[in-house]
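The values are calculated or read from the model by the stated rules, or taken from the named source; none is laboratory data. What you are looking at is a predicted structure, and each value in this text was computed from that prediction instead of being measured. Counting neighbours? That spans all protein chains shown, and the Cβs are built from the backbone with ideal geometry, glycine included.
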Amino acid sequence: MKKIVIASNNPGKLQEFRHLLEPLGIQVLPQSAFNVTEVEEPYYTFVENALAKARHANKCTGLPALADDSGICVDALNGRPGIYSARYAGEPKSDERNNQKLIEVLRNLPDRNAHYYCIIVLVRHADDPQLVITDGIWHGRIVLEPRGESGFGYDPYFFLPDLGKTAAELSIEQKNLISHRGKALARLTERIKEFY
């Protein structure tokens, strides 16, 4: 079985990656299994941050490394929190505080349209000149009261009008079919088949 290190310690992300990649015969390993620490994300774009994370995990483990950078972008906030989604309310990272801050900012705004964005970068080796990069987008809007018990991050507040549910009310199977990360991973699985 092929091995890929996921440049993340987020259990929700790891579960989603495993669910989609293990059927392809790829063993998904968290970077924490190799004592790889999280790397700084100093860039202003999702792609640069994902690339930094993937290169760091690859350098530390010698294995192909996959990293995503994703976030929620709110139209009325000019795309914020965007790349700062995980730390929107500051350190230490807290989904609860991030959600509280977002709801406070949006409470009196009529436009609460938003989208999740995800970019995935696969680095196969340290000098890989041919990176695999895919992305996905998922449209919805922010609701002021949380709904659902699944998912993570902003999912309880991310409402999908077509389904009448929040992302946190979806099963992992449903979410993987339609989410930003699910779309990016579906594109990635097609690309991976070219290399493995």
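Could you grab me the full set of residues in region 66-94 that are under 19 Å from residue 46 (Cα atoms) and either among the acidic types (Asp, Glu) or in contact (Cβ under 8 Å) with a residue 60 or more places away in the chain (or both)?
Step one: filter region 66-94 for residues under 19 Å from residue 46 (Cα atoms), giving 66-75, 77-90, 93.
Within region 66-94, 66, 67, 68, 69, 70, 72, 74, 75, 85, 86 meet the criteria.
One line per residue, one yes/no per condition, for (1) more than 22 Å from residue 185 (Cα to Cα); (2) of a type in the set (D, E, K, R):
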site: 51; (1), (2): no, no
site: 80; (1), (2): yes, yes
site: 93; (1), (2): yes, yes
site: 100; (1), (2): yes, no
site: 116; (1), (2): no, no
site: 119; (1), (2): no, no
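What do you reckon, is residue 47 in contact (Cβ under 8 Å) with a residue 12 or more places away in the chain, within 19 Å of residue 188 (Cβ to Cβ) and crowded, with 20+ Cβ neighbours inside 10 Å?
No: the conditions fail for residue 47.
Here is a list of conditions, (1) surrounded by fewer than 16 Cβ atoms within 10 Å (Cβ to Cβ); (2) at negative phi, and residue 53 meets all of them except one; can you say which number that is?
Evaluating residue 53 over (1) surrounded by fewer than 16 Cβ atoms within 10 Å (Cβ to Cβ); (2) at negative phi leaves (1) as the failure.
For region 116-156, which residues satisfy the criterion of being within 21 Å of residue 101 (Cα to Cα) and part of a loop (DSSP other than H, G, I, E, B)?
Let us first name the residues in region 116-156 that are within 21 Å of residue 101 (Cα to Cα), namely 116-117, 139-156.
Matches in region 116-156: 143, 144, 145, 146, 147, 148, 149, 150, 151, 152, 153, 154.
Of everything in region 102-115 that's assigned to a helix (DSSP H, G or I) and either of a type in the set (Val, Ile, Thr) or surrounded by 15 or more Cβ atoms within 10 Å (Cβ to Cβ) (or both), which residue is nearest to the chain's Cα centre (by Cα)? Give the derivation first.
Looking only at region 102-115, we keep the residues that are assigned to a helix (DSSP H, G or I), and these are 102-106.
Among the residues that remain, those that are also either of a type in the set (Val, Ile, Thr) or surrounded by 15 or more Cβ atoms within 10 Å (Cβ to Cβ) (or both) are: 102-103, 105-106.
Numbers: 102: 18, 103: 21, 105: 23, 106: 22 Å.
If we take residues in region 102-115 being assigned to a helix (DSSP H, G or I) and either of a type in the set (Val, Ile, Thr) or surrounded by 15 or more Cβ atoms within 10 Å (Cβ to Cβ) (or both), then 102 is nearest to the chain's Cα centre (by Cα).
When you scan region 1-23, how many residues do you find that are outside any strand (DSSP E or B), of a type in the set (A, V, I, L, M, F, W, C) and modelled with pLDDT of 85 or more?
Qualifying residue count for the region: 4.
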